[in-house]
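Worksheet: one structure, shown below.
The values are calculated or read from the model by the stated rules, or taken from the named source; none is laboratory data. If you're wondering where the values come from, they're calculated on a predicted model, not measured in any experiment. Every residue, glycine among them, receives a Cβ derived from its backbone with ideal geometry; neighbour counts consider all protein chains shown. These accessible areas exclude ligands, DNA and RNA; they are computed on the full protein's heavy atoms, side chains included. Shrake-Rupley method; radii C 1.70, N 1.55, O 1.52, S 1.80 Å.
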Amino acid sequence: ESKGSQTNIQRESMADDVEGKSLNEAARFWKSFNLRRQSNEIDSQILKIYDKEQHSTESRKKLARITKELGSLKPADKLKAIKSVIRAYQKEIDQLTQRATFSENALIAIYKGLCDAPDPAKYLETAIGNAKKLKKFEKEMTSIQSKLQRYEDEFKGLKNQEVTVQTLKEQNQQFLRKMEELKESAKAREQNLVAKESKELKTKLDQQFMSGNKELGLIQISLRRTHAHTHTHTHTHTH
């Protein structure tokens, strides 16, 4: 199926190439023919033919008039006038011949210019068909560009999300590092505080111990004094 599809594509491509070549040849012909220039030339020829026709009409009226006048002349005068009438007719015949030749040459010139001309209708139909294909292609291209723009927007969104995720990861890492720093700082402060409190407690205990020793010394002194006093009093009473 794939091979058949490729064959069809190749055939369509070859057909398009042939059609495009023919269309280019037709375009070159009509460009060389220069329709506007030819149209102006034809208009000029038609005006000249019209002028010759008007002149011929006037000449025929004149011939009709002198022919009528010739019929009303006397035989002697008619013989003299007939030569000029014949010359007038001959002149009119020459002018008609020139007019016909001029018209024929103009027609032949037009024919020579158009005899090998490609039929424009076929190529106009092809051009119209190509214009429709181009319009359809432009519509498809617009649709594709719209989809592409949507994909680009989605990609940008994903890219932005990726950047956001990366930023959040970095912020999280920074937060973890800060928490670790705070933990270490708290631990250090705790150790310093414990050391300070331990020192203060030791000092306090030392002071209390010294105070206790002092009081104990005083108590011992007092006991010794009391004991000595009691011993002295007992000895005196015995004697």
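List of remarks:
- All other residues whose Cβ lies under 12 angstrom from that of Glu162 are scored, Lys and Arg at +1 and Asp and Glu at -1, for a net of +3.
- 12 Å beta-carbon shell around Ser143, net charge (K/R +1, D/E -1): +2
- The largest accessible area among Leu63, Leu134 belongs to the first residue in Leu134, Leu63, and the rest follow in falling order (1.4 Å probe, all chains).
- Per-residue surface analysis assigns Ile144 an accessible area of about 100 Å², computed on protein heavy atoms at 1.4 Å probe radius.
- Cβ-based charge dipole, the range 160-207, positive-most Cα from Ala195, Thr164, Leu176: Ala195
- Carbon plus sulfur fraction of accessible area for the range 151-203, probe 1.4 Å, in percent: 56 percent
- Where the range 63-141 is the region considered: accessible area per residue in Å², 1.4 Å probe: 81 Å²
- Reciprocal mean inverse distance between Cα atoms of the range 163-216 - Kirkwood radius, Å: 14.6 Å
- In this view, the solvent-accessible surface of Leu148, computed with a 1.4 Å probe and all protein chains in place, comes to about 90 Å².
- To put it simply, the accessible area of the range 61-103 at a 1.4 Å probe is 63 percent carbon and sulfur.
- Cα centroid of the range 103-122 to Cα centroid of the range 45-60, whole Å: 24 Å
- Met210 accessible area, assembled protein chains, probe 1.4 Å, Å²: 130 Å²
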